[in-house]
Amino acid sequence: MFLSGQGKSSGRPVTGREGHSDAELLCALPRGDPRALRELHRRYAPSLYALARRAGHHDPEPHVQEAFLLIARRADCHARTALEARTWIMAVARRALVGTGSQA
């Protein structure tokens with residue numbers, strides 16, 4: 001996975017961004033902050049994997065990675081919306097994951 005290699009502390013990934021809000025993390029993505037992406041991944045990966053599986057992706061990992069890359073590429077768009085960060089993240093992820101499920 002593209003976000004592997006994180007340190008561990010008490011069984012939880014250490015990203016250095018644990019105390020920041022989702023909106024703050026989104027603002028850090030256009031500046032290329034990898035810790036922000038790691039923290040968003042830590043927070044949202046379980047939900048995105050579940051969404052990918054419900055969408056019919058038998059191997060959800062590449063689809064979830066693509067969703068995170070899309071979130072990172074579009075993070076500056078969040079600042080121009082009135083949406084809560086979680087709502088925006090899940091909407092972008094849903095567009096990336098739903099309707100593209102594997103048929104095999």
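The values are calculated or read from the model by the stated rules, or taken from the named source; none is laboratory data. Since we're looking at a predicted model, the values are computed, not measured. Ideal geometry is used to build each Cβ from the backbone, glycine not excepted, and the neighbour counts take in all protein chains shown.
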Original post:
Do any residues in region 22-47 that are over 15 Å from ARG74 (Cα atoms) have Cβ atoms under 8 Å from those of residues that are of a type in the set (Val, Ile, Thr) and not in a helix (DSSP H, G or I), where the two are at least six apart or on different chains, and which pairs are they?
Top reply: ARG35/THR15; ARG38/THR15; GLU39/THR15; ARG42/THR15
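Quick check on my filter: what residues within region 45-91 are assigned to a helix (DSSP H, G or I), hydrophobic (A, V, I, L, M, F, W, C) and closer than 18 Å to SER21 by Cα? Even if it seems obvious, please write down each step before you answer.
Filtering region 45-91 for residues assigned to a helix (DSSP H, G or I) gives 45-54, 61-78, 85-91.
With hydrophobic (A, V, I, L, M, F, W, C) added as a condition, the list becomes 45, 48, 50-52, 64, 67-72, 75, 77, 85, 88-91.
Passing the criteria: ALA45, PHE68, ILE71, ALA72, ALA75, CYS77, ALA85, TRP88, ILE89, MET90, ALA91.
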Original post:
Could you list, in sequence order, the residues of region 75-94 that are of a type in the set (Lys, Arg) and either at pLDDT 95 or above or surrounded by 15 or more Cβ atoms within 10 Å (Cβ to Cβ) (or both)?
Top reply: ARG86, ARG94
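Quick check on region 1-27: of everything there that is of a type in the set (Gly, Ala, Ser) and modelled with pLDDT of 65 or more, which residue is surrounded by the fewest Cβ atoms within 10 Å (Cβ to Cβ)? Write out each step before concluding.
Residues of region 1-27 of a type in the set (Gly, Ala, Ser): 4-5, 7, 9-11, 16, 19, 21, 23.
This time we only want the ones that are modelled with pLDDT of 65 or more, so: 16, 19, 21, 23.
Values: GLY16: 14, GLY19: 7, SER21: 12, ALA23: 16.
The qualifying residue surrounded by the fewest Cβ atoms within 10 Å (Cβ to Cβ) is GLY19.
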Subject >> Single match in PRO60, PRO46, PRO30 (criterion: at pLDDT 95 or above and over 11 Å from the mean Cα position of the chain (by Cα)) >> reply: PRO60
